[in-house]
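J.: Below is one structure. I have some questions about it.
The values are calculated or read from the model by the stated rules, or taken from the named source; none is laboratory data. The structure presented is a predicted model; accordingly, all values stated were derived computationally and were not measured. All Cβ positions, glycine included, derive from the backbone under ideal geometry; neighbour counts span all protein chains shown.
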(Lines give C-alpha, C1' and ligand atoms only; values in the text may rest on other atoms or scores of the structure.)
Protein backbone atom coordinates (compact mmCIF):
# COMPACT_ATOMS: atom_id res chain seq x y z
CA UNK A 1 0.00 0.00 0.00
CA UNK A 2 1.48 3.35 -0.98
CA UNK A 3 1.30 6.28 1.40
CA UNK A 4 0.93 9.84 0.17
CA UNK A 5 2.71 11.30 3.17
CA UNK A 6 6.41 11.76 2.41
CA UNK A 7 6.12 9.66 -0.76
CA UNK A 8 6.98 6.57 1.24
CA UNK A 9 5.35 3.17 1.36
CA UNK A 10 3.88 1.38 4.34
CA UNK A 11 2.43 -2.05 4.92
CA UNK A 12 -0.61 -3.09 6.90
CA UNK A 13 -1.17 -6.50 8.45
CA UNK A 14 -4.43 -7.54 10.10
CA UNK A 15 -4.84 -10.54 12.37
CA UNK A 16 -8.13 -11.33 14.09
CA UNK A 17 -7.71 -13.10 17.42
CA UNK A 18 -10.71 -15.36 17.85
CA UNK A 19 -12.35 -16.46 21.10
CA UNK A 20 -11.07 -20.02 20.73
CA UNK A 21 -7.46 -18.85 20.67
CA UNK A 22 -7.05 -19.24 16.93
CA UNK A 23 -5.92 -16.43 14.67
CA UNK A 24 -7.31 -15.40 11.31
CA UNK A 25 -5.16 -13.45 8.87
CA UNK A 26 -7.00 -10.76 6.90
CA UNK A 27 -5.16 -9.91 3.68
CA UNK A 28 -5.85 -6.32 2.57
CA UNK A 29 -7.07 -6.02 -1.01
CA UNK A 30 -6.74 -3.24 -3.54
CA UNK A 31 -9.57 -1.24 -1.97
CA UNK A 32 -7.79 -0.72 1.33
CA UNK A 33 -7.42 2.98 2.13
CA UNK A 34 -5.62 4.80 4.94
CA UNK A 35 -6.72 8.21 6.19
CA UNK A 36 -4.35 10.42 8.20
CA UNK A 37 -4.76 13.94 9.57
CA UNK A 38 -3.12 16.55 7.38
CA UNK A 39 -1.37 17.81 10.53
CA UNK A 40 0.74 14.65 10.81
CA UNK A 41 4.21 15.77 9.74
CA UNK A 42 6.97 14.30 11.99
CA UNK A 43 9.79 15.42 9.68
CA UNK A 44 8.90 19.10 9.97
CA UNK A 45 7.26 19.39 13.38
CA UNK A 46 8.99 21.20 16.27
CA UNK A 47 10.28 18.84 18.98
CA UNK A 48 7.35 19.44 21.29
CA UNK A 49 4.92 18.36 18.54
CA UNK A 50 7.06 15.75 16.79
CA UNK A 51 4.36 13.10 16.56
CA UNK A 52 1.29 15.34 16.59
CA UNK A 53 -1.53 13.65 14.67
CA UNK A 54 -0.03 10.17 14.99
CA UNK A 55 -3.31 8.42 14.22
CA UNK A 56 -4.91 6.87 11.15
CA UNK A 57 -8.15 5.29 10.00
CA UNK A 58 -8.02 2.19 7.81
CA UNK A 59 -10.87 1.35 5.44
CA UNK A 60 -10.75 -2.43 4.99
CA UNK A 61 -13.72 -3.92 3.07
CA UNK A 62 -12.61 -7.45 4.02
CA UNK A 63 -13.67 -6.88 7.64
CA UNK A 64 -17.26 -6.19 6.60
CA UNK A 65 -17.77 -9.85 5.67
CA UNK A 66 -16.46 -11.15 9.00
CA UNK A 67 -19.14 -11.58 11.61
CA UNK A 68 -18.98 -11.43 15.42
CA UNK A 69 -16.37 -8.65 15.47
CA UNK A 70 -16.85 -6.42 18.51
CA UNK A 71 -15.62 -2.88 18.06
CA UNK A 72 -15.03 -0.46 20.95
CA UNK A 73 -16.96 2.78 21.02
CA UNK A 74 -15.43 6.24 21.16
CA UNK A 75 -15.37 8.08 24.51
CA UNK A 76 -18.19 10.50 25.24
CA UNK A 77 -16.25 12.93 27.40
CA UNK A 78 -13.01 13.60 29.25
CA UNK A 79 -14.88 12.95 32.48
CA UNK A 80 -15.62 9.39 31.37
CA UNK A 81 -11.93 8.75 30.70
CA UNK A 82 -10.71 10.28 33.95
CA UNK A 83 -13.19 8.18 35.92
CA UNK A 84 -11.85 4.90 34.50
CA UNK A 85 -10.30 2.75 37.27
CA UNK A 86 -7.76 1.26 34.88
CA UNK A 87 -6.87 1.12 31.19
CA UNK A 88 -5.90 -1.91 29.13
CA UNK A 89 -3.51 -1.96 26.21
CA UNK A 90 -1.84 -4.74 24.27
CA UNK A 91 -0.26 -6.08 21.15
CA UNK A 92 2.14 -8.65 19.73
CA UNK A 93 5.28 -6.55 19.98
CA UNK A 94 8.61 -7.13 21.65
CA UNK A 95 8.61 -9.16 24.86
CA UNK A 96 11.00 -9.13 27.83
CA UNK A 97 12.98 -11.88 26.11
CA UNK A 98 13.68 -9.60 23.15
CA UNK A 99 11.56 -11.81 20.88
CA UNK A 100 8.42 -10.77 19.03
CA UNK A 101 5.26 -12.06 20.67
CA UNK A 102 3.44 -15.03 19.20
CA UNK A 103 0.08 -14.27 20.77
CA UNK A 104 -1.92 -11.15 21.56
CA UNK A 105 -1.11 -10.02 25.10
CA UNK A 106 -2.57 -7.32 27.34
CA UNK A 107 -1.38 -5.24 30.29
CA UNK A 108 -3.19 -2.92 32.67
CA UNK A 109 -1.83 0.62 32.93
CA UNK A 110 -2.81 3.87 34.63
CA UNK A 111 -3.27 7.33 33.18
CA UNK A 112 -0.66 9.64 34.75
CA UNK A 113 -0.95 12.82 32.70
CA UNK A 114 -3.61 15.00 31.17
CA UNK A 115 -3.63 15.34 27.39
CA UNK A 116 -0.69 17.49 26.33
CA UNK A 117 0.78 17.51 29.83
CA UNK A 118 4.45 16.59 30.26
CA UNK A 119 5.09 14.62 33.48
CA UNK A 120 8.09 15.62 35.60
CA UNK A 121 9.85 12.34 34.81
CA UNK A 122 9.57 12.70 31.01
CA UNK A 123 12.88 13.84 29.44
CA UNK A 124 11.14 15.50 26.48
CA UNK A 125 7.90 17.47 25.91
CA UNK A 126 4.73 15.47 25.26
CA UNK A 127 2.67 16.45 22.22
CA UNK A 128 -0.54 18.42 22.76
CA UNK A 129 -2.67 15.48 21.51
CA UNK A 130 -0.88 12.75 23.52
CA UNK A 131 -1.06 11.41 27.08
CA UNK A 132 1.23 9.27 29.23
CA UNK A 133 0.65 6.03 31.14
CA UNK A 134 2.75 4.40 33.82
CA UNK A 135 1.98 1.35 35.91
CA UNK A 136 3.56 -1.38 37.94
CA UNK A 137 2.35 -4.62 39.42
CA UNK A 138 3.47 -6.46 42.57
CA UNK A 139 3.58 -10.25 42.43
CA UNK A 140 5.13 -12.27 45.26
CA UNK A 141 6.69 -9.09 46.68
CA UNK A 142 8.46 -8.38 43.37
CA UNK A 143 7.60 -5.06 41.72
CA UNK A 144 7.77 -4.90 37.93
CA UNK A 145 6.64 -2.24 35.49
CA UNK A 146 4.10 -2.95 32.76
CA UNK A 147 4.24 -1.32 29.37
CA UNK A 148 3.78 -1.72 25.65
CA UNK A 149 6.88 -2.20 23.53
CA UNK A 150 8.31 -1.98 20.03
CA UNK A 151 5.85 -3.49 17.58
CA UNK A 152 2.78 -2.59 19.66
CA UNK A 153 2.44 0.87 18.07
CA UNK A 154 -0.92 1.41 16.40
CA UNK A 155 -2.75 -0.79 18.87
CA UNK A 156 -5.51 0.55 21.06
CA UNK A 157 -5.62 1.50 24.72
CA UNK A 158 -9.11 1.30 26.16
CA UNK A 159 -11.36 1.34 29.18
CA UNK A 160 -12.22 -2.35 29.67
CA UNK A 161 -15.85 -3.41 29.82
CA UNK A 162 -17.40 -5.50 32.58
CA UNK A 163 -16.77 -8.91 30.89
CA UNK A 164 -12.99 -8.43 31.10
CA UNK A 165 -12.97 -9.16 34.83
CA UNK A 166 -14.59 -12.55 34.21
CA UNK A 167 -12.83 -13.55 31.00
CA UNK A 168 -9.25 -12.81 32.05
CA UNK A 169 -7.02 -13.93 34.92
CA UNK A 170 -5.59 -10.47 35.48
CA UNK A 171 -5.73 -9.96 39.24
CA UNK A 172 -5.92 -6.18 38.89
CA UNK A 173 -9.04 -6.40 36.73
CA UNK A 174 -10.55 -8.90 39.15
CA UNK A 175 -9.94 -6.51 42.04
CA UNK A 176 -11.55 -3.66 40.10
CA UNK A 177 -14.46 -5.76 38.81
CA UNK A 178 -17.13 -3.73 40.62
CA UNK A 179 -15.77 -0.51 39.09
CA UNK A 180 -15.98 -1.87 35.54
CA UNK A 181 -19.53 -0.73 34.83
CA UNK A 182 -19.84 -0.62 31.04
CA UNK A 183 -20.78 -3.36 28.59
CA UNK A 184 -18.61 -1.93 25.80
CA UNK A 185 -14.89 -1.28 25.62
CA UNK A 186 -14.13 2.43 25.18
CA UNK A 187 -11.19 3.29 22.93
CA UNK A 188 -9.30 6.21 24.50
CA UNK A 189 -6.00 6.16 22.64
CA UNK A 190 -3.61 4.61 20.14
CA UNK A 191 -0.12 3.41 21.08
CA UNK A 192 2.34 5.96 19.71
CA UNK A 193 5.79 5.58 21.28
CA UNK A 194 7.63 5.12 24.58
CA UNK A 195 10.81 5.85 26.48
CA UNK A 196 13.28 4.53 23.90
CA UNK A 197 16.29 4.92 26.22
CA UNK A 198 14.86 2.29 28.57
CA UNK A 199 13.96 -1.35 28.06
CA UNK A 200 10.23 -1.91 27.84
CA UNK A 201 8.84 -2.67 31.27
CA UNK A 202 12.02 -1.55 33.06
CA UNK A 203 11.77 0.66 36.12
CA UNK A 204 10.86 4.19 35.08
CA UNK A 205 9.56 3.29 31.66
CA UNK A 206 6.36 4.86 30.38
CA UNK A 207 4.07 4.77 27.34
CA UNK A 208 2.85 7.67 25.20
CA UNK A 209 -0.47 7.46 23.35
CA UNK A 210 -2.37 9.57 20.84
CA UNK A 211 -5.61 10.74 22.44
CA UNK A 212 -8.73 9.55 20.59
CA UNK A 213 -11.11 12.10 22.13
CA UNK A 214 -8.83 14.90 20.87
CA UNK A 215 -9.31 13.57 17.31
CA UNK A 216 -12.92 12.41 17.74
CA UNK A 217 -14.42 15.06 15.47
CA UNK A 218 -11.88 14.24 12.74
CA UNK A 219 -12.62 10.52 13.13
CA UNK A 220 -16.38 10.97 12.89
CA UNK A 221 -16.08 13.46 10.04
CA UNK A 222 -13.81 11.12 8.07
CA UNK A 223 -16.05 8.09 8.60
CA UNK A 224 -19.12 10.09 7.58
CA UNK A 225 -17.36 11.34 4.44
CA UNK A 226 -16.22 7.85 3.42
CA UNK A 227 -19.71 6.44 3.95
CA UNK A 228 -21.16 9.26 1.86
CA UNK A 229 -18.56 9.47 -0.92
CA UNK A 230 -16.92 6.05 -0.80
CA UNK A 231 -13.33 4.97 -0.15
CA UNK A 232 -10.74 7.36 -1.51
CA UNK A 233 -12.41 10.56 -0.32
CA UNK A 234 -9.58 12.73 0.93
CA UNK A 235 -11.08 16.03 2.06
CA UNK A 236 -9.47 17.04 5.35
CA UNK A 237 -6.95 14.18 5.40
CA UNK A 238 -4.63 12.05 3.33
CA UNK A 239 -6.11 9.10 1.46
CA UNK A 240 -3.73 6.34 0.49
CA UNK A 241 -5.30 3.81 -1.86
CA UNK A 242 -3.87 0.32 -1.75
CA UNK A 243 -2.30 -1.28 -4.76
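J.: Name the residues in region 210-225 that are crowded, with 19+ Cβ neighbours inside 10 Å and at pLDDT below 95, would you?
T.: Once the filter is applied, which keeps residues that are crowded, with 19+ Cβ neighbours inside 10 Å and at pLDDT below 95, region 210-225 yields only 222.
J.: Do we have residue 49 as crowded, with 17+ Cβ neighbours inside 10 Å, more than 17 Å from the chain's Cα centre (by Cα) and at pLDDT 85 or above here?
T.: yes
J.: Take the residues in region 147-170 that are part of a helix (DSSP H, G or I) and in contact (Cβ under 8 Å) with a residue 12 or more places away in the chain, then tell me which one is surrounded by the most Cβ atoms within 10 Å (Cβ to Cβ).
T.: 164
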